[in-house]
1. Give me the pairs: first residue in segment 67-95 and without any contact (Cβ under 8 Å) to a residue 24 or more places away in the chain, second residue not hydrophobic (A, V, I, L, M, F, W, C) and not in a helix (DSSP H, G or I), beta-carbon distance under 7 Å, and six or more apart or on different chains, which are they?
2. Of everything in segment 59-69, what is closer than 17 Å to residue 41 by Cβ and of a type outside the set (Asp, Glu)? Give them in sequence order.
3. Restricted to segment 97-120, and to residues that are of a type in the set (A, V, I, L, M) and within 13 Å of the chain's Cα centre (by Cα), which residue is farthest from residue 35 (Cα to Cα)?
4. Within segment 55-74, is there a residue that is within 30 Å of residue 115 (Cβ to Cβ), acidic (Asp, Glu) and over 10 Å from the mean Cα position of the chain (by Cα)?
5. Is there a residue in segment 106-119 that is in a helix (DSSP H, G or I), surrounded by 14 or more Cβ atoms within 10 Å (Cβ to Cβ) and of a type in the set (Gly, Ala, Ser)?
6. Tell me, please, whether a residue that is surrounded by 16 or more Cβ atoms within 10 Å (Cβ to Cβ) and not in a helix (DSSP H, G or I) can be found in segment 58-68.
7. Any idea which of 40, 84, 94 is farther than 19 Å from residue 110 by Cα, part of a helix (DSSP H, G or I), at pLDDT 95 or above and under 14 Å from the mean Cα position of the chain (by Cα)?
Amino acid sequence: MPNISEESILVSIRGLFVEKDDTSFDDDLIMHINSAFMILNQLGVGVQGFMISDDTSKWVDFLGSSDCQFLAATKTYVFDSVKLIFDPPGNAFLVSAIEKRMKEYEWRLNSQVDPVAYNV
């Protein structure tokens, strides 16, 4: 089994919405993934200015390390971010729950990157 950080970013996110080999929504997914990366970069997570353009970019490329404590939270954050734009739930409670989880991940990721600011 390959290291999960070596997974393709686009393929792993795509597979949560459509079949992994269905590329018909790639342009939309790439745009939304890159938007999530911009927000994560502002929080201090990932390689600054990183963007994907196809399915060759891996999670390790964004995170800058194959042994990264941020991987699970980063993947969840990117998925949630893409979900709210690409395939939002029809239930307002679910939208609110996802937004709340994203805010928590933003705080946790940022406090992990800058522990002095958060007295962690």
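The values are calculated or read from the model by the stated rules, or taken from the named source; none is laboratory data. Since we're looking at a predicted model, the values are computed, not measured. Methodologically, a virtual Cβ is constructed for each residue, glycine included, from the backbone with ideal geometry; neighbour enumeration extends over all protein chains shown.
1. From segment 67-95, the pairs are 95/88; 95/89.
2. Selection gives 59, 60, 62, 63, 64, 65, 68.
3. 109
4. yes
5. Among the residues of segment 106-119, at least one is in a helix (DSSP H, G or I), surrounded by 14 or more Cβ atoms within 10 Å (Cβ to Cβ) and of a type in the set (Gly, Ala, Ser), which makes the answer yes.
6. yes
7. Only one candidate qualifies: 84.
Okay, residues lined up against (1) touching a Gly at 6+ places or on another chain (Cβ under 8 Å); (2) crowded, with 16+ Cβ neighbours inside 10 Å; (3) of a type in the set (Val, Ile, Thr); (4) more than 14 Å from residue 78 (Cβ to Cβ):
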position: 10; (1), (2), (3), (4): no, yes, no, no
position: 13; (1), (2), (3), (4): no, yes, yes, no
position: 21; (1), (2), (3), (4): no, no, no, yes
position: 26; (1), (2), (3), (4): no, yes, no, yes
position: 32; (1), (2), (3), (4): no, yes, no, no
position: 35; (1), (2), (3), (4): no, no, no, no
position: 40; (1), (2), (3), (4): yes, yes, no, no
position: 43; (1), (2), (3), (4): no, yes, no, no
position: 49; (1), (2), (3), (4): no, no, no, yes
